[in-house]
Amino acid sequence: MTTKIPVSLLKNPVHLLSVGFGSGLATKAPGTFGTLAALPFWFLLQYLSPANYIIVLIIAFAAGVYFCGETAKALGVHDHGGIVWDEFVGLWIALFLVPPNIFWVALGFGLFRLFDIWKPWPIRVLDAKVHGGFGIMIDDVLAGVYAFLVLQLCFVLS
């Protein structure tokens, strides 16, 4: 059984961010709820230039390595299901350059969740072998990259 996240932990902004402002506290499918919680922020990111969007992704990734690592240490559980900042960043990668159209956003969301759950090579290997905040973040970053590539291919072919 997974360790329950104490609500008192959420008083610390680092932990609040790592659990996606509480979206990771969902008892069922916290990763999906975390991904959903990332969508409003993605809509705001659409106002950035592609270069600034990439800068935000880099900062969000680096911050996530710290946030997620600290929360994992506090809980004593590597990659606790409630830690969903990695889903935020992964979705933002998947939806990079996607027009804010419900079809493309839904497809990107679905592709990201598919790759995050399926964990094709090398995602599965990294998920098993790399620990700490970097390990928590890297599998979702790669799932986001895979989803981005497939989504862009679909967009070009449409």
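Values as computed for the structure displayed
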quantity: The range 26-158 - percent of accessible surface contributed by carbon and sulfur, probe 1.4 Å; calculated: 77 percent
quantity: Value of relative contact order over the chain, rounded to a whole percent, pairs C-alpha under 8 Å and six or more apart; calculated: 27 percent
quantity: Rough spin-label spacing in nm, given labels placed 7 Å along Cα→Cβ, for Ser158 and Val7; calculated: 4.1 nm
quantity: Accessible surface, per residue, of the range 60-149 when the full set of protein chains is kept, probe 1.4 Å, Å²; calculated: 41 Å²
quantity: Count, lysine Cα pairs under 21 Å in the chain, 8 or more residues apart or across chains; calculated: 6
quantity: Unit charges on C-beta of K, R, D, E only; dipole of the chain, Debye; calculated: 220 debye
quantity: Förster-model FRET efficiency, 30 Å R0, Leu149 and Leu16, C-beta, rounded to 0.05; calculated: 0.40
quantity: Net charge contributed by nearby residues that have their C-beta within less than 12 Å of Asp139 (K/R +1, D/E -1); calculated: -3
quantity: Net length gained if the chain between Asn101 and Ile54 were fully extended (0.36 nm per residue, minus Cα distance); calculated: 14.9 nm
quantity: Heavy-atom accessible area order for Ile138, Ile123, largest first, 1.4 Å probe; calculated: Ile138, Ile123
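The values are calculated or read from the model by the stated rules, or taken from the named source; none is laboratory data. In this text, all values refer to a predicted model and were calculated from it rather than measured experimentally. Virtual Cβ from ideal backbone geometry, glycine too; neighbours counted across all protein chains shown. Keep in mind that these areas ignore ligands, DNA and RNA; they rest on the heavy atoms of the full protein, side chains included. Shrake-Rupley method; radii C 1.70, N 1.55, O 1.52, S 1.80 Å.
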